[in-house]
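Quick notes on the structure that follows.
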Amino acid sequence: MLKIGLTGGIGSGKSEVSKRLAAHGAVVIDADKIAREVVEPGTAGLARVVAAFGEEVLRPDGALDREKLGSIVFADSQKLAVLNGIVHPLVGERVAQLQADAPGDAVVVYDVPLLAENKLAPMYDVVIVVDAADEVRIRRLAEHRGMAETDAKARIAAQASREDRLAVADVVIANEGSLEELDARVAEVWTDLLRRGARG
């Protein structure tokens, strides 16, 4: 099994690369997506969050009100620690289960937004960084997410610098061109990963 850490700053197109790797046959494990799944209505995770933070963190439909919960925990590091203490073990269990279910010769791609920030590179056989210039990312965030330029710049500034991310990369996927160019680059990288897996 080849373990790939996939990362890239906000607006770099990491999810586009993730989708394409999955289409090639990679088993993609997206920690952010799992973190949302473990607190969906009816889960033990959501019940624990409500027990810790009260009914006011629920929307009228019974789903978690992320904005409300965020405003509570990001203002108080102890409350954030309580939330992480609930969610992180559940995410860890689900990741372990997905990993165990993957075939022995699988290429497993872990979609990890904060890989560079949290110094997680040593956990993976190969680290792929999706890279685009800041001005390209700011433009994308404005076009695709309707984000104001000042907000986009603040989000980028809050993450690892481009240099820090590139420093941990084994493979860089430059993503400043067309989707066709991205398709071609991902196909090249996939061939390389299969070669590495065969050697491993």
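The values are calculated or read from the model by the stated rules, or taken from the named source; none is laboratory data. Computed from a predicted structure; not experimentally measured. Backbone-built Cβ (ideal geometry, glycine too); neighbour counts: all protein chains shown. Note: areas computed on protein heavy atoms with side chains; ligands, DNA, RNA excluded. Shrake-Rupley method; radii C 1.70, N 1.55, O 1.52, S 1.80 Å.
The one condition from (1) free of Cβ contacts under 8 Å to residues at least 24 places away in the same chain; (2) open to solvent by 40 Å² or more (accessible area, probe 1.4 Å) that Val50 does not meet is (2).
Between Ala198, Ala184, which is without any contact (Cβ under 8 Å) to a residue 24 or more places away in the chain, closer than 26 Å to Val108 by Cβ and either open to solvent by less than 70 Å² (accessible area, probe 1.4 Å) or of a type in the set (D, E, K, R) (or both)? Write out each step before concluding.
Values: Ala198 fails: either open to solvent by less than 70 Å² (accessible area, probe 1.4 Å) or of a type in the set (D, E, K, R) (or both).
So the residue among Ala198, Ala184 that is without any contact (Cβ under 8 Å) to a residue 24 or more places away in the chain, closer than 26 Å to Val108 by Cβ and either open to solvent by less than 70 Å² (accessible area, probe 1.4 Å) or of a type in the set (D, E, K, R) (or both) is Ala184.
Report whether or not Val57 is surrounded by 13 or more Cβ atoms within 10 Å (Cβ to Cβ), without any contact (Cβ under 8 Å) to a residue 40 or more places away in the chain and within 28 Å of Leu141 (Cβ to Cβ). Considered against the rule, which asks whether it is surrounded by 13 or more Cβ atoms within 10 Å (Cβ to Cβ), without any contact (Cβ under 8 Å) to a residue 40 or more places away in the chain and within 28 Å of Leu141 (Cβ to Cβ), Val57 comes out as yes.
Quick check: is even one residue across region 131-149 assigned to a loop (DSSP other than H, G, I, E, B), touching a Gly at 6+ places or on another chain (Cβ under 6 Å), open to solvent by less than 50 Å² (accessible area, probe 1.4 Å) and at pLDDT 90 or above? Break it down into steps so the answer makes sense when it comes.
To start, the set of residues in region 131-149 that are assigned to a loop (DSSP other than H, G, I, E, B) comprises 132-133, 146-148.
From the residues that got through so far, the ones that are touching a Gly at 6+ places or on another chain (Cβ under 6 Å) too are none.
No: region 131-149 contains no residue that is assigned to a loop (DSSP other than H, G, I, E, B), touching a Gly at 6+ places or on another chain (Cβ under 6 Å), open to solvent by less than 50 Å² (accessible area, probe 1.4 Å) and at pLDDT 90 or above.
Given the condition within 30 Å of Ala174 (Cβ to Cβ) and surrounded by fewer than 16 Cβ atoms within 10 Å (Cβ to Cβ), answer yes or no: does some residue in region 70-77 qualify? No, region 70-77 contains no residue that is within 30 Å of Ala174 (Cβ to Cβ) and surrounded by fewer than 16 Cβ atoms within 10 Å (Cβ to Cβ). Looking at region 78-94, can you tell me whether even one residue there is acidic (Asp, Glu), farther than 22 Å from Arg162 by Cβ and modelled with pLDDT under 95? Yes. So if I check each of Ala160, Ala154, which one is assigned to a loop (DSSP other than H, G, I, E, B), of a type in the set (A, V, I, L, M), more than 22 Å from Lys19 (Cα to Cα) and open to solvent by less than 80 Å² (accessible area, probe 1.4 Å)? The match here is Ala160.
Can you tell me which residue is farthest from Asn84 (Cα to Cα) among those in region 22-33 that are modelled with pLDDT under 95 and assigned to a helix (DSSP H, G or I)? Only one residue fits best here, namely Lys33.
Looking at the structure I just gave you, is Val95 crowded, with 17+ Cβ neighbours inside 10 Å, more than 20 Å from Ile10 (Cα to Cα) and out of contact with any Phe, Trp or Tyr (no Cβ under 7 Å at 6 or more places or on another chain)?
Values: crowded, with 17+ Cβ neighbours inside 10 Å: no; more than 20 Å from Ile10 (Cα to Cα): yes; out of contact with any Phe, Trp or Tyr (no Cβ under 7 Å at 6 or more places or on another chain): yes.
Considered against the rule, which asks whether it is crowded, with 17+ Cβ neighbours inside 10 Å, more than 20 Å from Ile10 (Cα to Cα) and out of contact with any Phe, Trp or Tyr (no Cβ under 7 Å at 6 or more places or on another chain), Val95 comes out as no.
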